[in-house]
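Working notes for the structure below.
Throughout, read-outs are computed from the coordinates displayed, never taken from laboratory work. Since we're looking at a predicted model, the values are computed, not measured. Cβ placement follows ideal geometry from the backbone for every residue including glycine, while neighbour counts extend to all protein chains displayed.
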Amino acid sequence: MKAVKFANGLKNVITASHDDALLEAAAKALGHLAKASPMPTNDFVDFELNRGLEWLCAGPQYGHRRLAACLVLKELASCKPTLFFRIIGDFFERIWPVLRDARQSIRDAAADAMAAALQVLAERPSPHHLEFLFRTYDQVSCLPSLVSLIFTVRYHNAISSAQAHLSPILPQVKISFGGNCEGVHASLRVAAAMVAHCPDFMAPRFDYLCETVLSVAERPGRGGLAASLVRATVTRTLPVLAAFAPDAFARRYLRPTLSVLTRDAQPGEVATRRAQALLALGHVCRSMGDQLLPHMEDLVKLVCVCAFE
Amino acid sequence: MTSSTLFDVEAALKRDGAPEALAAAVDTAFRELTTESFARFEQQVLRRVFDLLLSNDPREKLGSLAAMDALIESPSGAQEVSMPYGLIPK
């Protein structure tokens with residue numbers, strides 16, 4: 001009886017709450033209940049899965065529903081993968097608008113749900129799943145392209161320097177810039193999840209992915225939360241790529257990666273960005289091993305500067 | 001025993017690690033109390049947890065959710081039954 005009461009309580013919180021922290025805690029407890037409850041849980045898991053699918057289709061104005069759907073589906077994919085697998089086709093159909101949501105917390109939750117779904121697929125290898133992977137990869141590639149991002153970043157910088165003359169068109173460009181960064185952020189998150197969970201599928205696409213991520217990293221843009229978010233996401237993605245294929249990464253992408261990360265770790269940068277860059281440098285170094293020897297001197301100097309400043 | 005344990009529970013909810021402390025308290029009560037006493041104790045704990053859930057303070061709601069999460073695997077005095085979702089009276 002306790003489990004049923006808990007399930008009802010959690011359902012009410014998820015239905016009524018607009019608070020991100022509450023939704024996250026309720027989804028976590030729901031996943032735990034689905035996994036560990038002594039009573040059969042298929043009944044309420046089915047209900048929550050169907051409601052999650054329904055709420056994925058909610059409009060952008062119902063952000064709390066989108067967020068709740070992503071959090072619940074992620075937990076159920078991790079805790080009840082067999083039941084989640086039954087709805088995985090619908091999930092891959094409906095997740096994309098949510099991944100392009102304007103709110104970062106919703107995009108992050110959607111990317112986490114996508115990673116959990118890819119993990120479910122990875123545990124059930126089948127040629128039929130290639131359809132999902134190709135569709136996901138196509139969507140990642142279709143999200144606002146790198147070229148448009150770079151163009152908009154440059155345009156934005158130019159406008160910043162001549163703001164007085166171009167103020168009438170500035171709002172329009174800012175909206176475009178924000179939209180692109182949201183798409184790139186989602187693309188990077190999903191690409192990192194695909195690398196982690198679909199290594200065989202991503203191996204032939206590794207070079208393209210590294211080049212794309214480094215191109216974004218070398219042209220980070222200036223100012224704006226969205227540009228900072230893209231930089232932070234790139235910083236988190238580079239260690240994932242380094243760990244995926246250390247030898248291939250070291251041959252072609254280690255030098256530019258170290259260049260990007262050491263630039264972000266310099267004393268003049270924002271403290272949080274430096275911290276992220278140093279952490280990413282550490283992860284990259286652990287993956288590279290001996291390949292790192294030629295760069296050792298510069299890295300040790302940087303670490304000394306950061307540690308004793 | 002029951003009232004002092006409840007006092008401990010209330011104190012535990014106010015500090016870090018409270019959910020784990022609550023689950024440990026329920027486990028201890030399950031071992032040390034008779035079946036009837038434990039059922040009453042559990043009922044009081046659950047009532048307190050659901051009161052927190054109905055609170056207007058988001059911190060108390062968060063505390064309630066953390067308590068539920070911790071109690072999921074704790075022993076229960078009532079027999080677990082499978083019921084159609086949403087039909088259980090509050």
Exercise. FRET efficiency for A:Ala248 and A:Cys306, Cβ-Cβ distance as r, R0 = 22 Å, nearest 0.05?
Worked result: 0.15
Problem set entry | Enclosed volume per residue, in Å³, of the convex hull spanned by Cα atoms of region A:209-309 | 86 Å³
For this session: Take every residue in peptide B:59-69, count the Cβ atoms of other chains within 10 Å of its Cβ, and give the average of those counts.
Result: 6
Seminar exercise, completed: A correct Karplus calculation of ³J(HN,Hα) over region A:244-251, with 6.51 cos²θ - 1.76 cosθ + 1.60, θ = phi - 60°, whole Hz and x for Gly and Pro, returns 5, 9, x, 5, 4, 5, 5, 4
Exercise. So which aspartates and glutamates can A:Lys35 reach, going by Cα to Cα under 12 Å and dropping same-chain residues fewer than 8 places off?
Worked result: A:Glu75, B:Asp69, B:Glu73
For this session: Using label points projected 7 Å from each Cα along Cα→Cβ, tell me how many nm separate A:Asn12 and B:Glu60, to one decimal.
Result: 1.4 nm
Exercise. Can you list the aspartates and glutamates whose alpha carbon is less than 19 Å from that of A:Lys301, not counting same-chain residues fewer than 8 positions off?
Worked result: A:Asp264, A:Glu269, A:Asp290, A:Glu309
For this session: Quick one: P(r) of region A:1-124 from all Cα-Cα pairs, 5 Å bins, percents rounded to integers, in order of increasing distance.
Result: 2, 13, 25, 25, 20, 11, 4, 1, 0
